[in-house]
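Colleague: To start, I am sharing the structure in question, which I have written as structure tokens.
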Amino acid sequence: MSSKLKNLSSYNDADVPNAKELKFGIVVSDWNSKITHALYEGCLETLLKHGALEDNIEVIQVPGSFELTAGARMLAQRYSSDAIICLGCVITGETKHNEYINMSVAQGLTNLSIASGRPYVFGLLTPENEQQALDRAGGKYGNKGVEAAVTAIRMADIKKDLGTTKSKIGYS
Ligand code: DLZ
């Protein structure tokens, strides 16, 4: 994994907008639940810390990470949110299942984001073993769920901002 030197829970509070007016969906994979539920705790705590209201956060659980994309799509159809966060953990095994699942989730969430214009956040850990996962689920490298929550707030805020103002970037 590439986050070896980065603490996933480190960020500058000043870079994170207030999330009081924002709505979030969270999709949590139950495969490797010890890890993914820790990601969820970090994610939820961070959303609340930045002002999100519990009533504005809808959570669903899916069986495995492969189902994150479909879960996110179903949640988006039922619940109007400003960003959807997908949390999972795929540990490299003896087969190539990890490559198929990881690529599928990355591609699926990219497609959903492009098609809908809504941010779908990739909160998927792709470690080689359980220890690497624990290190990134509240361990020595922080919590990927925190990173995913900060990303969701920032992207949702950008989306809201662009919806209400004309372009702020560029020359025209
Ligand atoms: C099948 C499978 C395997 C072997 N490993 C993982 C994993 O490490 N992490 C994970 O989230 N899911 C895994 N799965 C389950 C698939 O994501 C999926 O739920 C099943 O293939 C059914 O579609």
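The values are calculated or read from the model by the stated rules, or taken from the named source; none is laboratory data. All values reported here derive from a predicted model rather than from experimental measurement. A quick note on method: Cβ atoms are made from the backbone with ideal geometry, for glycine too, and the neighbour counts reach across all protein chains shown. Side chains are part of the model used for accessible areas, which takes the heavy atoms of the whole protein and leaves out ligands, DNA and RNA. Shrake-Rupley method; radii C 1.70, N 1.55, O 1.52, S 1.80 Å.
Colleague: Give the residues of region 99-128 that are part of a helix (DSSP H, G or I), within 13 Å of the ligand (Cβ to nearest atom) and open to solvent by 30 Å² or more (accessible area, probe 1.4 Å), sorted by residue number.
Modeller: Here is the first cut: in region 99-128, the residues part of a helix (DSSP H, G or I) are 99-116.
Pick out the ones that are also within 13 Å of the ligand (Cβ to nearest atom) and you get 99-105, 108.
If the condition is that a residue be part of a helix (DSSP H, G or I), within 13 Å of the ligand (Cβ to nearest atom) and open to solvent by 30 Å² or more (accessible area, probe 1.4 Å), then Glu99, Tyr100, Ile101, Met103, Ser104 are the ones that fit.
Colleague: Return the residues of region 50-73 that are more than 9 Å from the ligand (Cβ to nearest atom) and part of a helix (DSSP H, G or I); say none if nothing qualifies.
Modeller: Result: Glu54, Asp55, Asn56, Thr69, Ala70, Gly71, Ala72, Arg73.
Colleague: Still on this model: Could you check, for region 140-148, whether at least one of its residues is surrounded by 14 or more Cβ atoms within 10 Å (Cβ to Cβ), more than 16 Å from the chain's Cα centre (by Cα) and either within 14 Å of the ligand (Cβ to nearest atom) or part of a loop (DSSP other than H, G, I, E, B) (or both)? Walk me through it before giving the result.
Modeller: Initial filter on region 140-148 (surrounded by 14 or more Cβ atoms within 10 Å (Cβ to Cβ)): 141-148.
Remaining after also requiring more than 16 Å from the chain's Cα centre (by Cα): 141.
Subsequent filtering for residues that are either within 14 Å of the ligand (Cβ to nearest atom) or part of a loop (DSSP other than H, G, I, E, B) (or both) retains 141.
The answer is yes; a qualifying residue exists.
Colleague: Further question: Evaluate region 53-60: report whether one residue or more is closer than 18 Å to Arg154 by Cβ, touching a residue at least 60 places away in the same chain (Cβ under 8 Å) and touching a helix residue (DSSP H, G or I) at 6+ places or on another chain (Cβ under 9 Å).
Modeller: Looking through region 53-60, none of the residues is closer than 18 Å to Arg154 by Cβ, touching a residue at least 60 places away in the same chain (Cβ under 8 Å) and touching a helix residue (DSSP H, G or I) at 6+ places or on another chain (Cβ under 9 Å).
Colleague: Let me ask you something else. From the set of residues in region 17-49 that are open to solvent by 20 Å² or more (accessible area, probe 1.4 Å) and outside any helix (DSSP H, G or I), which is farthest from Ala76 (Cα to Cα)?
Modeller: Here is the first cut: in region 17-49, the ones open to solvent by 20 Å² or more (accessible area, probe 1.4 Å) are 17-18, 20-21, 23, 30-34, 37-38, 40-41, 44-45, 48-49.
Now drop any that are not outside any helix (DSSP H, G or I), which leaves 17-18, 20-21, 23, 30-32.
Working: Pro17: 23, Asn18: 22, Lys20: 20, Glu21: 18, Lys23: 11, Asp30: 19, Trp31: 22, Asn32: 24 Å.
The qualifying residue farthest from Ala76 (Cα to Cα) is Asn32.
Colleague: Check Gln131 against each of (1) part of a helix (DSSP H, G or I); (2) open to solvent by less than 70 Å² (accessible area, probe 1.4 Å); (3) within 15 Å of the ligand (Cβ to nearest atom) and name the one condition it does not meet.
Modeller: (2)
Colleague: How about region 74-98: which of its residues are under 17 Å from Ala152 (Cα atoms) and within 16 Å of the ligand (Cβ to nearest atom)?
Modeller: Ile85, Cys86, Leu87, Gly88
Colleague: If you don't mind, another one. Answer yes if at least one residue in region 88-98 is open to solvent by 50 Å² or more (accessible area, probe 1.4 Å) and of a type in the set (A, V, I, L, M, F, W, C), and no otherwise. Spell out the reasoning first.
Modeller: First, pick out the residues of region 88-98 that are open to solvent by 50 Å² or more (accessible area, probe 1.4 Å): 92, 94-97.
If we keep only those that are of a type in the set (A, V, I, L, M, F, W, C) as well, we get none.
No.
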